[in-house]
Amino acid sequence: MNSLGAYTRNRILLSLFIIFAVSVFAFLIVHLMPGDPVRAVLGIEADEAAVQKMREELNLDKPFLTQYWLWMKGIFKGNFGRSLTLNTDVGELIGRRLPVTLSLTIPALIIAAIFGIIIGVICATNRGSIADQLLTVLVTIANGVPIFWIGIMMIYLFGVLLGWLPLMGYASPFESFVEYLRKAAMPVSILAIRPMAEIARQVRTNMLEVINQDYIRTARAYGLSERKVKYKYALKNALIPIVTLLALQARDVAGGSVLAEQVFSIAGMGQLIMISVLNRDFPVIQAIVLVITVIVVFVNLLLDISYGWLDPRIRMTARKVIN
Amino acid sequence: MKKLLVLFLILVLAFSVVACSPSEEPGKNGQTSGEPVVGGTLRIGVQSEVANVAAWRLRSPQETLIWSAIYEPLFKMGANGEVVPYLAKSIEADPENLTYTVTLREDVYFSDGSHLDADVLLWNFENFKENSQIAGRYFSDVESFEKTGDYTVVIHLSRWNSQMPFSLTENPGLMYSKKAFDEHGYDWCMENPVGTGPYKLENWVFGESKTLVKNENYWNKDATVYFDKIEFPVIPEEMTAQAALLSGDIDAFYGPSNATMAEMLEKGGFHVTSGKLRSRIIFLIFGSDVKGDSPLEDVRVRQAISYAIDSEAIAKNIDKGLTYACRQYAVPDTPFYNPEIEGYGYDPEKAKQLLKEAGYENGFVTTIYVGLDNPFEDYMVAIQGYLKEVGIGVNLVYQDVSLWSTKTMFEIDDGMVLIGHGFGANLVNQMADNFSKRAVDGSGMLKLSKLHPDDLHEEIMAAISATDEETMYKHVHAAGKMIIDKYCLGYPVVMGPFANVLMREDIVDDHWIAHYSDFFDYTGVYRVQ
């Protein structure tokens, strides 16, 4: 097997192990917590017979390892169980809500990247100007102000005072794109604000750093136009670390969606996480943790493999370490 | 640059002030008078999605709010707290033979066209006993049900239970279509409500909203069903709900906090409507260690705690006057209320005196437990402060929902538990659950506590088994006096309306929140021009 093949195989094995470890961890955490989830669902007034009946239905009367085995067996059959508080199939629940969250977070990341880079470049190429100072202040504010507060202010301004945008709810882009744009405008904006500010700050710093490098000076000495120097040579190199930053921002945007969905009454994954954790809806918590883990591991796996493919030094290092 | 920055900050500040300040729109508290509008949509915001749909599984107040438009009970509570026939024509009690005979109206139909007759009633009763998680509370004394006529069912009891007519005004009295059950099966019914009410479910976007449309086959031709549709959007965040009310995106919001209600009433253009008999009590229940070394075992200590808390100040300052201090475990102006109960007014000196007499002059430390799902932080901190004034240290323990249920029922035997619950027609059952020995045997608080006195248990059981109303209320009053004056088993912190709905002023609650019932009557709400 060539070095890339061995590298890929090892990465896949490691990913599978991580998924398995997280599944055990998620199961342990939820099941070892004190308290009775069945009582939480049926209420303090429920009969003991009804509580016992539900416990049996959920396999909670069985030994821990048996419970884990039954859960995993169910997952391989596509059965994540049933939500205790929402009384519906967990797989169906996630299947319905995940696209909602993705339709908010992906546009937010794209907008953040585009505007973040533009703002960063404007600031770096006009260092010390009024535009640079004003944008830097705005970026600092955007980084510091809580998302929750921005959301509420936007609701009052655009929803109540101006009446331009609906202040809550969600519409699928596949059903009505215009309605989707109207309803997603505010949540997407607040999800984009922070990553945009972070990317802008990073691009500005990177650009300024790169502009002072020797090869830029050399390019200028060769008589290349300032425009070509800045946008062809400086920006290109300044953007490389932004790819890594984007991956980190994706995680933050996903976290921000919990708040955004709460504020704008959107039934997405963020809201589901909130409901299930507060009510100790363990089939949903376990499933969400597993689904998120699989997504993160899969994306990381792709990145690792692509890095290995792009940069032979990485796969060679990995091979040495493993051998 | 500095000028620009200052200008920008002023703009941000100005916008914040405008957005957060009260509206200048003219408005008034209370309902607007005018001609009712027939047609249109009523939009009521609710805080979360509901879990239970089938009539026999309903549990939360939110489920009751929504599904009351679809399900109706056999009996309702009248203006004076009496049982009034609704889907049923009558209920006849026969204490000697331990039976109740329920006779139905003959003109009631479900939204799927099926007829409510004795077979359907019998199935509903049996199904509730078999499948409801709270069957024990209502049907523990039921031996069997028997159809004795086309519209008559007899309930056979193993021992007399005076609460059956009251129980049939609650969940066991809600009727579900047997035809729907037979055609679609149990699981389908768990997700599809089919009742006799004025509306039926049209659309449900899970987690977002439910739309109910007028039931064109509604059996009650005397009632006017004003709205064509009712929508229930889910709005988890209260500030968003406030904004939605202001913008007119919703007409009403169910279950707002007292702070939100006070703020919106001050803005004007809104009013709050709420139930009367179905009130909500915030109650501090005392527990005492089985080992017998708890300060709370001494009634003087429990009384001292009661004297140390200023409920009137809590009602005024924390609840903005939307609750009131109530000195007993019953709602004023209802037959359950006993005017002879003295209770405990705020008197810290008397509290100190009682502590001294009990041998706790230097105070002691105890714990108050509260569930995290209850917004009781302000009450907890206030109580902690009041008790500190008389030398009692309090640890506040907040617990998540699952832990809270288990702890309060099975594990806590010492300290206090702060609960909030609604009660109305089911007051006797709740008394039994919390204070009688039934709390130890079945569902109820503080099973391990010693504070379940024999004579109180007997008094509550006598109320349950009373054969006439006068005797029942006599025992309820006696039990109420024991709970507060004799044993001081708990302290009623504040009492307030249970089903608060914050509404725009053009929405009128005529008899929507039936003031003496658990359920909402959607023929009693309309918009005025």
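The values are calculated or read from the model by the stated rules, or taken from the named source; none is laboratory data. For clarity, every value in this text was computed on a predicted model and none was experimentally measured. Note that we place each Cβ from the backbone using ideal geometry, even for glycine, and neighbour counts take in every protein chain shown. Accessible surface areas use protein heavy atoms only, side chains included; no ligands, DNA or RNA. Shrake-Rupley method; radii C 1.70, N 1.55, O 1.52, S 1.80 Å.
Roughly to the nearest percent, how much of the accessible area of chain B is carbon and sulfur, given a 1.4 Å probe?
On the way: 9790 of 20260 Å².
Using a 1.4 Å probe with all protein chains present, chain B comes out at 48 percent carbon and sulfur.
Can you give the average number of partner chain beta-carbon atoms within 10 Å of each beta-carbon in peptide B:231-241, as a whole number?
Details: counts 0, 0, 3, 6, 7, 11, 11, 0, 6, 10, 3.
The shielding value for this peptide is 5.
Please report the buried accessible area for the interface of A with B, total over both chains, probe 1.4 Å, in Å² to the nearest 100. Walk me through the numbers before you get to the answer.
Details: alone 18570 and 22460 Å², together 36720 Å².
Result for this pair: about 4300 Å² buried.
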Place a point 7 Å from the Cα of A:V299 along the Cα-to-Cβ direction; which residues of segment A:249-270 have their backbone N under 13 Å from it?
A:249-257
Would you mind calculating the relative contact order of chain B from Cα pairs under 8 angstrom and at least 6 residues apart, reporting the percent as a whole number?
22 percent
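Whats the longest run of chain A with zero trypsin sites (Lys or Arg not before Pro) that are DSSP loop and have at most 16 other Cβ atoms within 10 Å? Provide the component values of the computation, followed by the final result.
Details: sites that count: A:K77, A:R127.
Free of exposed loop sites, the longest segment is A:128-323.
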Average projection area in nm² (convex hull over Cα atoms of the protein assembly as shown, one quarter of hull surface)
44.4 nm²
Ignoring ligands, DNA and RNA, please state the percent of accessible area on chain A from carbon and sulfur, probe 1.4 Å.
69 percent
What is the P(r) of segment A:52-150, as percent of Cα-Cα pairs per 5 Å bin from 0?
2, 10, 11, 13, 10, 8, 7, 7, 8, 7, 7, 5, 3, 1, 0
Can you give the log10 of the normalised intensity I(q)/I(0) at q = 0.10, 0.13, 0.17 Å⁻¹, computed with Debye over equal Cα scatterers of segment B:118-259?
-0.51, -0.81, -1.11
Computed on Cα atoms, the radius of gyration and Dmax of chain A in angstrom are 24.6, 87
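Holding the Cα-Cα limit at 19 Å, pick out from A:K53/B:K129; B:K129/B:K200; B:K179/B:K200 the pairs that are longer than that.
Numbers: A:K53/B:K129 14 Å; B:K129/B:K200 25 Å; B:K179/B:K200 15 Å.
Over 19 Å Cα-Cα: B:K129/B:K200.
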Give me Rg/Rg_expected for chain B, where Rg uses Cα atoms only and Rg_expected = 2.2 N^0.38 Å with N residues.
1.04
³J(HN,Hα) computed for each position of segment B:474-488 - Karplus, 6.51 cos²θ - 1.76 cosθ + 1.60, integer Hz, glycine/proline x
4, 6, 4, 4, 5, 5, x, 5, 5, 4, 9, 6, 7, 9, 6
Got a sec? Charge dipole of segment B:227-288, +1 on Cβ for Lys and Arg, -1 for Asp and Glu; which of B:I281, B:I230, B:G255 is way out at the positive end?
B:I281
Go through A:K183/A:K232; B:K178/B:K229; B:K147/B:K210; B:K76/B:K147; B:K316/B:K481 and tell me which ones have a Cα-Cα distance over 31 Å in this structure.
A:K183/A:K232; B:K147/B:K210
Cβ-placed point charges (K, R +1; D, E -1), dipole of the protein assembly as shown about Cα centre in debye, nearest 20
5680 debye
Taking amide H atoms as placed 1.01 Å from N in the peptide plane, list the residues 5 or more away in sequence, or in a different chain, whose amide H sits under 5 Å from that of B:S209.
B:V234
Quick one: 3J(HN,Hα) in Hz for segment B:154-167, Karplus 6.51/-1.76/1.60 with θ = phi - 60°, rounded, Gly and Pro as x.
9, 9, 9, 9, 8, 8, 5, 9, 6, 8, 4, x, 5, 4
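Can you give the percent of C-alpha pairs in segment A:98-267 whose distance is more than 29 Å?
Summing the P(r) tail past 29 Å for segment A:98-267 gives 30 percent.
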Mean per-residue count of partner chain Cβ within 10 Å for A:81-88 equals 4
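For A:A247 and A:S306 in one chain, what is 0.36 nm times their gap in residues minus the Cα-Cα distance, to one decimal in nm?
Here the segment from A:A247 to A:S306 would lengthen by 19.8 nm.
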The protein assembly as shown, accessible area per residue, ligands and nucleic acids excluded (1.4 Å, Å²):
43 Å²
Rank-order B:453-459, B:219-225 by packing density, defined as the average count of other C-beta atoms within 10 Å over each peptide's residues, highest first.
B:453-459, B:219-225
Can you run phi through the Karplus equation (6.51, -1.76, 1.60; θ = phi - 60°) for segment B:345-352 and list ³J(HN,Hα) in whole Hz, with x for Gly and Pro?
x, 6, 8, x, 5, 5, 4, 5
Give, ordered by residue number, each residue of segment B:245-260 whose 1.4 Å probe accessible area is reduced by a minimum of 10 Å² on adding the remaining protein chains to the chain alone.
B:L246, B:S247, B:D249
Taking each pair of distinct Cα atoms in segment A:3-76 once, what is the resulting Kirkwood hydrodynamic radius in Å?
14.9 Å
From largest to smallest, what semi-axes in whole angstrom does segment B:231-332 give when each is the square root of 5 times an eigenvalue of its alpha carbon gyration tensor?
38, 15, 12
